[in-house]
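The values are calculated or read from the model by the stated rules, or taken from the named source; none is laboratory data. What you see is a predicted model, and the numbers here were worked out from it, not measured in a lab. As a convention, Cβ positions derive from the backbone with ideal geometry for all residues, glycine included, and neighbour counts pool all protein chains shown. Ligands, DNA and RNA are excluded from the accessible area calculation, which covers all protein heavy atoms including side chains. Shrake-Rupley method; radii C 1.70, N 1.55, O 1.52, S 1.80 Å.
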Amino acid sequence: DGGFSEEESTQLDELLKLCDALDEPGNRNPGVDEESGNGFLICCPLCGCDISALSDDRKQIHTNGCLDKLERSSDVSSYSTATDVSHAKLGTNAPGLSPIGEWLSLLGLAKYEEVFLKHEVDLEALQWITEEDLCSLGITLLGPRKKILHAINSLRNDAIEVAEAEPVDETKSVANKLITDYFAHPLSVRNRGRVVTIEKKPHSVRKAAKGKENFRNSKQKDVPSWCRIPGTPFRVDAFKYLRRDCSHWFLTHFHLDHYQGLTKSFCHGKIYCSSITAKLVHLKIGIPMESIEVLPINRKINVAGVDITCFNANHCPGAVMILFEPTDGTPVLHTGDFRFCENMKDISALKTRSIHTLILDTTYCNAQYDFPKQESVIQFVIDAIQAETFNSKTLFLIGSYTIGRKERLFLEVARVLQKKIHVSASKLRILECLELGEEDMKRFTLDEGESCIHVVPMWVVASFKRLKQMASSRYTGSRFNSIVSFSPTGWSFGQGRRSMGKKLQQGTIIRYEVPYSEHSSFTELKEFVKMITPERIIPSVNDDHGLDSLNPTVSELLS
């Protein structure tokens with residue numbers, strides 16, 4: 001019937017025999033503890049991956065995925081080995097696993113997936129993992145640690161080669177990304193909307209003149225205009241461009257694209273940020289509090305002769321807009337990442353001062369991104385949850401990034417519905433830094449059984465495949481029989497979409513894509529610019545046309 005080849009049939013027979021043999025003690029490896037199963041190694045007979053640590057459901061999903069590949073092609077070797085994991089595409093190698101789980105499965109170390117997920121180590125965070133970190137994660141065996149470190153080093157080297165060969169395609173979907181796409185490219189300077197490749201010199205020259213060359217070229221290497229404050233020696237969100245000519249480094253909020261380059265060995269002066277951001281910098285990076293200066297909100301202070309005032313940016317917890325007033329009389333307002341709201345119209349400092357330069361978050365500076373206000377989207381999510389509560393066995397999942405996003409959404413859900421929200425231990429540690437009230441903190445629980453509303457990583461709610469896996473492996477039994485998930489992102493509103501939320505359904509699983517964003521919509525950007533009336537605008541995102549108001553994209557805001 002156009003089925004398997006002889007070789008494939010043999011492999012299928014092996015798989016069936018493996019399933020039959022699982023309950024036969026005599027077939028286990030010598031010296032194995034029969035009660036606990038410790039040491040029992042199970043490898044997929046089709047791809048050879050170690051699937052010992054997977055549940056029975058996950059073993060079945062994994063091997064079924066292998067069989068699906070056999071039906072499409074007789075080339076079983078499409079599974080990457082540990083020696084070429086950097087060229088593997090995500091979403092194709094280990095069905096049912098998270099992206100980090102797929103990578104670990106390629107190394108034959110899938111059993112450590114839960115450890116990585118528990119500590120929210122994703123492919124982006126992977127590039128900074130050290131041997132000390134692996135030990136703290138509980139990976140105490142020398143062999144697995146060395147395998148993981150060797151693979152990470154290989155990824156770093158491959159990332160260098162990729163950076164030299166071609167710019168990074170930021171528009172790739174997760175399913176089409178190579179693992180090296182998640183690694184920072186050391187030979188490239190990301191300018192938030194583009195990648196400027198630096199010419200690579202011969203290794204011997206680089207090694208011999210590294211310190212001197214870096215110092216000589218530091219002034220020639222452009223710091224993006226949105227990182228510089230005219231009339232001051234200050235830098236904002238510029239930790240990728242650390243140099244000795246500046247000792248005042250401002251951080252608008254704790255998101256990777258703004259603090260990237262900041263490490264615990266920072267020794268270039270002071271870091272200036274809000275109280276919440278300071279706690280996160282100390283907790284997640286290890287910067288001592290002595291190196292951080294906490295900026296008050298709505299109160300003017302003086303730093304190196306420059307008056308500075310911070311305002312709530314309505315982005316993530318701790319995010320601030322910063323007003324710089326140099327002695328030359330040309331005020332500069334740096335918005336960082338922000339979401340314009342009605343409260344900003346009441347900020348007297350912005351109404352009484354004439355802003356010369358506005359450094360503006362232009363993430364959604366396109367008329368197609370005219371999404372609803374946050375309050376409307378939050379109410380939509382609350383209404384959707386209430387509409388599904390007729391079934392007491394419905395599990396609600398709300399997607400969230402690791403740090404500082406979407407908190408307002410699920411916190412408002414908890415307040416209005418008077419329900420507890422389940423979060424992971426690592427997420428709770430982050431929430432403890434956000435200076436929430438005691439009553440709000442009581443709304444979170446680490447006990448999965450105490451709540452039917454769970455906060456999960458965004459990748460979980462991004463596809464039905466992940467949701468089905470969660471339904472089959474994590475929530476088996478009689479507690480839940482349906483899932484309703486919410487994927488909150490402003491990008492879901494682009495390309496002609498104008499509804500409050502897009503509902504998708506497969507069987508007993510429902511996915512909502514809702515246009516909830518912490519960045520200003522196009523209409524809000526126009527309203528903000530009209531309120532500020534700056535003489536000059538410097539876009540901080542998608543700055544491909546120029547550095548000021550002549551930028552065609554920014555010109556739309558002035559029309």
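Numbers below:
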read-out: Solvent exposure of segment 101-154 as accessible area per residue, Å², 1.4 Å probe; value: 45 Å²
read-out: Potential lengthening between Ser265 and Ala367 on full extension [0.36 nm per residue; Cα-Cα distance subtracted]; value: 32.5 nm
read-out: Given Lys351/Lys373; Lys300/Lys345; Lys284/Lys351, the pairs whose alpha carbons are separated by over 30 Å; value: Lys284/Lys351
read-out: Segment 374-515 - charge dipole about Cα centre, Lys and Arg +1 at Cβ, Asp and Glu -1, debye rounded to 20; value: 680 debye
read-out: Chain lengthening between Leu558 and Ser482 when straightened (0.36 nm per residue, less Cα-Cα); value: 22.5 nm
read-out: Spin-label zone in segment 259-303 - amide nitrogen under 14 Å from a point set 7 Å from the Cα of Lys345 along the C-beta vector; value: none
read-out: Calculated from backbone phi, Karplus (6.51, -1.76, 1.60) coupling profile of segment 143-157 in Hz, x at Gly/Pro; value: x, x, 4, 5, 4, 5, 5, 4, 5, 5, 4, 5, 5, 4, 5
read-out: Anisotropy class of segment 101-154 from Cα gyration tensor, a/c 1.5 cut; value: rounded
read-out: Accessible area (Å², 1.4 Å probe, nearest 10) - Arg536; value: 80 Å²
read-out: Fully extended contour minus Cα-Cα distance, from Asn153 to Gln379, at 0.36 nm per residue; value: 76.7 nm
read-out: Spin-label model distance (nm) - Arg244 vs Ala425, 7 Å beyond Cα toward Cβ; value: 4.4 nm
read-out: Nonlocal amide H pairs with Tyr272, under 5 Å, H built at 1.01 Å; value: Trp249, Phe250, Leu251, Glu293
read-out: Among Leu109, Ser136, Val121 the positive-end extreme of the charge dipole of segment 101-154 (Cβ point charges); value: Leu109
read-out: Percent of beta bridges antiparallel (DSSP, segment 374-515, rounded to nearest 5); value: 20 percent
read-out: Area accessible to solvent at Arg479, 1.4 Å probe radius, in Å²; value: 90 Å²
read-out: Ile421 long-range amide H proximity, modeled H, under 5 Å; value: Phe444, Thr445
read-out: Sequence of Glu293, Glu439 when ordered by accessible area, the most exposed leading, probe 1.4 angstrom; value: Glu439, Glu293
read-out: Accessible area per residue in Å² at 1.4 Å probe, computed on segment 356-440; value: 39 Å²
read-out: Exposure of His282 as accessible area (Å², to 10), given a probe of 1.4 Å and all protein chains; value: 90 Å²
read-out: Of Lys146/Lys279; Lys279/Lys502; Lys427/Lys468; Lys111/Lys240; Lys147/Lys279, those spanning more than 25 Å from alpha-carbon to alpha-carbon; value: Lys146/Lys279; Lys279/Lys502; Lys111/Lys240; Lys147/Lys279
read-out: Simple spin-label estimate for Asp222 and Ser136 in nanometres, 7 Å along Cα-Cβ; value: 3.8 nm
read-out: Environment charge at Trp249 (Cβ cut-off 15 Å; Lys +1, Arg +1, Asp -1, Glu -1); value: +3
read-out: Point-to-point label distance, Glu124-Val416, nm (Cα→Cβ direction, 7 Å offset); value: 2.7 nm
